[in-house]
1. Is the shape of region 49-134 rounded, prolate or oblate, going by the alpha carbon gyration tensor and its root eigenvalues a ≥ b ≥ c, with a/c under 1.5 for rounded and a/b larger than b/c for prolate?
2. Given a cut-off of 25 Å, what percent of all Cα-Cα pairs of region 35-315 lie beyond it?
3. How many angstrom separate the Cα center of region 304-330 from the Cα center of region 131-196?
4. Give me the orientation-averaged projected area of the Cα convex hull of region 114-227, in nm², one decimal.
5. Under the definition of Cα pairs under 8 Å and six or more residues apart, what whole-number percent is the relative contact order of region 53-153?
6. With viscosity set to 1.306 mPa s at 10 °C, what whole-number translational diffusion coefficient in µm²/s follows for region 23-71 from Stokes-Einstein and a Kirkwood radius over Cα pairs?
7. In what order do 304, 245 fall by count of nearby beta-carbon atoms within 10 Å, going from fewest to most?
8. Let me know the volume per residue of the alpha-carbon convex hull for region 445-551, in Å³.
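Computed from the coordinates by the stated procedures, all read-outs in this text should not be read as laboratory data. Quick caveat: nothing in here was measured; it's all calculated off a predicted structure. Cβ placement follows ideal geometry from the backbone for every residue including glycine, while neighbour counts extend to all protein chains displayed.
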């Protein structure tokens, strides 16, 4: 039962992982399509901005109405083009001074301060915040005041010492206290505090509950999804980080938001998980968005990681080109040797055809010679016996040649088909860019070893068809303890195969070694060892082997 439990657990984890990967691939597909059509969403935001600007055409507008229109334009420009947002908040400061409305003046300063941070004007933002007396602020403005300080210190590059980190925590706690407990902002800050305390899973649970109730494809969804992704990173779950940062990037793109962190963070985690191609595309798009919006601190953030990803991407392309080059080189060499082999086999077949014709003529001549010998003088018995012996040997040689030539032609034809199938398989894998399988096939010796086994099996079968009593007659020349015992899985062993070749007239050890793929010394040792074991004189052993007859 315990075995089955672990097996079921393994399959459950496997299925869950596949489902997670499938979902992530779908989200990436949506993100890629959204980025490809991003200009549509940019046009929609620009149309909305143009609509707000047309409101200024009414001649009867009051200063309060102009103030409100400026806020709408600020909110439309802030995540799109912060430079333009600055212009409208500067105008609102002017209007607030004319109206002598202190709260509106402070509100405009706070908004302008936020825009300055995005532009990278940290000193100007700090001066604005210092010009505000926090004792004069109501709860909402005080919360925004601390939020701006938190935002400024979090992104000011020259302001990252231990003292300032403590100051950041103080500002975060101040914002936390002043935020409405029922608001989404409170849940976000609460999640950040939990994450800082190492309680990443609790932070994720809080934001997932918030995420379920947010309208899809809104800027608020992008903010919450980005926070969830960051907490998953804290928890070490890179796949879930990718998922929620991708969702955030989709929502930002569909709202025409150019000031965003999701795409840059997504590119970074893709790089860390070795998804270099996707990391390069996303960091490149992120840089384009930051430069379009002229968000200086985002450009600085991206510039830290962009060269690293770009270098990895270039290396990946170079590696792919190198693999393709070697693959093409291997295919070219293989094709060359294949053509040479086909030409060689074709020539050998033509030679064999010619030999066959010549053998046929020889057979005809031998038949005529036999007839002639039969009519010769009966008194020359000894000569007739010698002639009959010659005829017998010629007949045997002819039968051997015909048998082996026929089998050789069949084997040649079979190997041409195998080479053609092998070439087709390699071409198919090359066209499908399955380089790993192709390199494995090229390096493998399985095909060579299998074909050698098949060759030896065919040789043994044909030889024993011609000399069925060969093993028995070899054993008759050896003492009982030294006789060959052939395994049930084979017809001849190596020693028997050596003497089979000798029986066929191949007595040169180098030729035998080439055929059996052994060293010359090995063949010589085998021959010597068997001769020395024989019950007949060792110098006569091979001549007796040559006298073993066919059927």
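1. Oblate shape, in that a/c is at least 1.5 and b/c is the bigger or equal ratio.
2. 52 percent
3. Between the Cα centres of region 304-330 and region 131-196 lies a distance of 45 Å.
4. Projected over every direction and averaged, the Cα hull of region 114-227 covers 8.1 nm².
5. Here the relative contact order equals 20 percent.
6. Approximately 118 µm²/s, per Stokes-Einstein.
7. In order of increasing Cβ crowding within 10 Å: 304, 245.
8. 103 Å³
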